[in-house]
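In what follows, a single structure is set out as structure tokens and then discussed.
The values are calculated or read from the model by the stated rules, or taken from the named source; none is laboratory data. Remember, predicted model here, so these are calculated numbers, not experimental data. Cβ: placed from backbone, ideal geometry, glycine included. Neighbour counts: every protein chain shown.
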Amino acid sequence: MRKFNVHLVFTLFSFGILILGVNLTPLFDWDELNFAESAREMNLTRNYLYAQIGFEPFWEKPPFFIWLQALSERLFQSHQPWVYKLPNILAGVFAVNWVYHIGDRLGKRMLGGFWALATLFTLAPFIYWRSGIIDPIFNLFIVLSLYNWYKITQANLKEERAHLYYLMVGVFLGFAFLTKGPVAIGITGLVVLWVTATRGKWHEILTWKLILSLIGLCAVIGLWVFPLLQSNGAPFLLEFIKYQIVLFKGQIEWHNQPWFYHFVVLFFLAFPASILALPHLFKNQVMDRNVDIWNLFMRALFWVVLIVFSITTTKIIHYSSLCWWPLTYFGAYQVYLIHTNRWHFPKWLILPLTLSALGIVLVLWILPITAHMDPLPEWIWNKLDVFTKGLLENRTSWSWTSLLPAALFTFWFFAWWILHLIGRRPHAGFLFLISGLVALISHITLLPPVGNLLQGKLTQTIKNETKNGVFLEAWHFKTYSLYFHGEFTAKDFEQLKPEFPIEVNNPYPKQSARRSHAMNANNTDLIKVITKNTFTPDYEFDRKFTIDKKLGGYILWRKRSVQP
């Protein structure tokens, strides 16, 4: 088949399967709602210079991904979840085509085809391509930058000009910076140093052409920084840098995890790529000059990311998501070697494959079965915290379809496992189909009721109250649902006559919206407060507020008509 036709098939298939049912799953608090709300506020205020939440500066993120979401929202004039997930869906379609192109450039179209399959259908990447999270596009830019450095190594071997590749390294690195921050430069730099030291080709770094990379990097970052400095001054950039330092030092307590956290996450969530890739993560198992340097790049990327983010105290699933790229590549490479009879399927992989699959099976069964239990067994109930009990007390009955992912994964995987044990040796590529289809069915049948359980009551209450003209505040817990589903505007805050009014000519609004308007005596009674059910009111709060309604894990408070 002609390469163009292959790309056409990949484009139509990947877009169709990534967009299928994506609107059934809500945007999850915090991250997805955080970025979607920033995009919504960008369009409302027409302020595209920096991210904001509650119409105040949001220092934590640069704006590129939010620009993409804002563009999608303006194009489709909708606040549906799929609008904010569309940038990642399109990035997923591009990634599937691009990895096939890399395989073709390596002289191995079949390897490119298997990598496209792994990129689309590995468990966690499939879910993330259908999400509103920054990381898929951030990771894509980093790998694009590294691929251009790989092309530098090939150009030098062939004694060809590499000027454009040096420039594109900086350009893609600049877009990665604009997407999430300076960590992109650190990760890319460490991988390049690793590869250069291993190959001993220091002239690829110690050259004036590296200035082209710096020019590309600065030019792209300058698209944001120069207009921001000229119009609004330096405070946003200074606060942004401070936050990056705090993040790296691990001073965000609720994200502190043990050092082996990312090993466990990758072992289970990157099924089956994480297991199939194991033989190739330490050295080349098959001598293949066409791919040995690219294998070195992928291996260096995996270990740099895993080591760096295992050392840092702050740990989130997203941080090791860049490891999915080398894992899907080596997983695909394993399938390619077996398919072309250049290597056999290692029998010892059956054990980690089984352990990883068992972990997934247990989670897929336990979630819906627990949700169907009414009441929960006492030995489970007694171990739950007050907030979780509140969520479960108001849960609605789940459809039987929520059991489909567990049933299908159990049948498909263990059928593959038994066939392998009796010597039938089913194709290893079927493992990717199994994980991808289960991920798709989970996204359609399992994640919607999970989202409803976690935030359904809160979301519906916010929508109902704000439609009735009520101004809501969240106390003692963090949520972005309030602004997004309440569809707040800047005028909502201006009309409250806060104690600390916003200065009209201030380039960055003061943090007045994060202070309490509900405690201000000048405000009307059309203000209510939402807290978790673990909140203990003090005397001043109890004197002014009484419970309006209980919302499972949350409580809605209203002002007392007559204060005692």
What about residue 425, is it charged (D, E, K, R) and closer than 21 Å to residue 118 by Cβ? yes
Take the conditions surrounded by fewer than 22 Cβ atoms within 10 Å (Cβ to Cβ) and either touching a residue at least 60 places away in the same chain (Cβ under 8 Å) or more than 24 Å from residue 88 (Cα to Cα) (or both) and apply them to residue 161. Does it pass? yes
Within the range 317-343, the residues that are under 18 Å from residue 282 (Cα atoms) and surrounded by fewer than 22 Cβ atoms within 10 Å (Cβ to Cβ) are 337, 343
Please find, within the range 145-158, the residue that is farthest from residue 105 (Cα to Cα) out of those that are free of Cβ contacts under 8 Å to residues at least 40 places away in the same chain and not aliphatic (A, V, I, L, M). 158
How about the range 59-101: which of its residues are among the hydrophobic types (A, V, I, L, M, F, W, C) and over 18 Å from the mean Cα position of the chain (by Cα)? 59, 71, 75, 76, 98, 99
Hey, residue 130 in the same structural domain as residue 189 (by TED's automatic domain parsing), within 20 Å of residue 64 (Cα to Cα) and out of contact with any Phe, Trp or Tyr (no Cβ under 7 Å at 6 or more places or on another chain) or not: yes
When you go through (1) under 25 Å from residue 270 (Cβ atoms); (2) under 19 Å from the mean Cα position of the chain (by Cα) one by one for residue 114, which number turns out not to apply? (2)
If a residue counts only when it is aliphatic (A, V, I, L, M), within 21 Å of the chain's Cα centre (by Cα) and farther than 22 Å from residue 138 by Cα, which helices (runs of 4 or more DSSP H) contained entirely in the range 180-294 have at least 1 such residues? 261-269
Checking residue 184 against (1) surrounded by fewer than 20 Cβ atoms within 10 Å (Cβ to Cβ); (2) touching a residue at least 24 places away in the same chain (Cβ under 8 Å); (3) in contact with a helix residue (DSSP H, G or I) (Cβ under 7 Å, 6 or more places away or on another chain), which test does it fail? (1)
Residue 420 in a helix (DSSP H, G or I), farther than 30 Å from residue 530 by Cα, modelled with pLDDT under 85 and not acidic (Asp, Glu): yes
If residue 145 satisfies every condition in (1) over 25 Å from the mean Cα position of the chain (by Cα); (2) of a type in the set (S, T, N, Q); (3) buried (at least 24 other Cβ atoms within 10 Å of the Cβ) but one, which is the exception? (1)
The number of residues in the range 36-73 that are in a helix (DSSP H, G or I) and out of contact with any helix residue (DSSP H, G or I) (no Cβ under 6 Å at 6 or more places or on another chain) is 6
Exclusive hit being among the β-branched types (Val, Ile, Thr) and out of contact with any helix residue (DSSP H, G or I) (no Cβ under 7 Å at 6 or more places or on another chain), set 360, 338: 338
The range 1-30 residues that are over 15 Å from residue 128 (Cβ atoms) and at pLDDT 90 or above, paired with ones that are polar (S, T, N, Q) and not in a helix (DSSP H, G or I) (beta carbon under 8 Å, 6 or more apart): 23/80
Pick from the range 349-379 the residues that are in a helix (DSSP H, G or I) and more than 32 Å from the chain's Cα centre (by Cα): which of them is farthest from residue 275 (Cα to Cα)? 378
